[in-house]
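What follows is one structure encoded as structure tokens, with my remarks underneath.
All of the numbers you see were taken from the coordinates with simple rules; none came from a lab. Please read these numbers as outputs of a predicted model, since none were measured by experiment. Note that we place each Cβ from the backbone using ideal geometry, even for glycine, and neighbour counts take in every protein chain shown.
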Amino acid sequence: LESFIMFFNFFQERVENYSNVSIHLKNPENCSCQACGLHRHCKYSVHLSGKLYNTRTMETDDFMSHDKQVFTVGRICAERTRIYHKLKHFKFKLYQECCSIAKTEEVEDEQVKETVERIFSQSKDSGWIKENSSCDLRVKKHLVPI
Ligand SMILES: [Zn+2]
């Protein structure tokens, strides 16, 4: 029993450390499941990849970013891995999504700033350009997906 727990803890730690998981069907073989160590009809391979990150600050660790691990597991462990990974990395996935949205907004703000500066410099020369540029700004804002 002790070796079973140790084996499972090792696998659990791997699942916690990799932010991406994909589970594939493979040629079935009777071997010990690499998640629980029990002899099983193993027909799934668990591929773990992605960057390490700090679970508190959500900062990614670029060290070992191209590392990938593959485990051959049974049906029950494949299902457990899928659910466990989803729960364990839910916060990080959400954080990444927020970051990508924030980045989009940042770009949009930059464009707006540039356009505003352009309007200011052009408005000195001609009233018509000013009107045209502010119209351009409105169109641009709608074109940027949020
Ligand atoms: Zn197993």
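If each of E105 and K86 carries a label point 7 Å out from its Cα toward its Cβ, how far apart are those two points in nm?
If labels sit at E105 and K86, their model points lie 2.9 nm apart.
State whether segment 2-95 is rounded, prolate or oblate according to the following rule on the C-alpha gyration tensor (a ≥ b ≥ c being the square roots of its eigenvalues): a/c under 1.5 gives rounded; otherwise a/b larger than b/c gives prolate, and the remaining case gives oblate.
prolate
Would you kindly state how much longer the chain becomes between C31 and I76 on full extension, computed as 0.36 nm times their sequence separation minus their alpha carbon distance, in nm to one decimal?
14.8 nm
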